[in-house]
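Peer 1: Take this structure first; my questions come after.
What follows is calculated from the coordinates using simple rules that are stated; it is not laboratory data. Fair warning: this is a prediction, and the values are worked out from it, not measured in the lab. Glycine gets a Cβ as well: all are built from the backbone with ideal geometry, and neighbour counts include every protein chain shown.
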Amino acid sequence: MGTVKDQLIVNFLKEDLIPYNNVTVVEVGVVDMACAISILIKDLADEFTLLDVIEDKLKGKMMDLQHGSLFLRIPEIVSVDILTYMAWKLSGFPKNYAIENGFNLDCARFHYLMAERLDVHSSSCHEWVLGEYRDPSIVPVWISLDVAGFSLKNLYPALGTDYDSEHWKYVYKQVVENAFEVIKLKGYSSWAIGLSVTELSESIMKNLWRAHPFSTLIKGLYGI
């Protein structure tokens, strides 16, 4: 049996330092541009690329960002055509390079709602949810809920059960319904997605060793 660290963390790839970072956003729709703006504001890329099949819209979005580049630190914002995307598809990158952002965002929603209920800052709240993104099948891992290291399940054993008089299951229900409510009221959901994608990008590009919830292919792990 290895050390606690060996049992907890599995490295898929050798750690490499990447001195020059290029970030590419595929498509320039509302959600995509929310991701783009969030990444640019966080100053994560040395070069930033937009990609879309609609040439006029792509050029307009690129020019709009370039005109504001004085207020950003990024030196170069460019656009490319769909052939670049096809080249990436055929690149043969490992399957674990593809990750899905939904869990990270659902957990952030739970953080926010949990913090509101307890009157604490959301950064002090921790929990995990599992299941399909924004689907009624997502499940909160009640034992994972804690505030500053204090387990809510230990403080309140009825948490999340049928005997829960504080109705914490309603918080979970809000996580499922909130995204659809935003879409209903606003017409779409974008800014929270952009900020979530940017946090994941920052962790990867700066190798911050932060733990994030996300979905990816895990064939070959845990007996799957």
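Peer 1: Could you order peptides 46-53, 209-216 by the average number of other Cβ atoms within 10 Å of their residues, highest first?
Peer 2: 46-53, 209-216
Peer 1: Holding the Cα-Cα limit at 29 Å, pick out from Lys184/Lys206; Lys153/Lys184; Lys42/Lys173; Lys61/Lys184 the pairs that are longer than that.
Peer 2: Where the Cα-Cα span goes over 29 Å, the pairs concerned are Lys184/Lys206; Lys153/Lys184; Lys42/Lys173.
Peer 1: Express the relative contact order of the stretch 102-197 as a whole percentage, based on alpha carbon pairs under 8 Å and six or more residues apart in sequence.
Peer 2: Averaging sequence separation for qualifying contacts and normalising by length gives 24 percent for the stretch 102-197.
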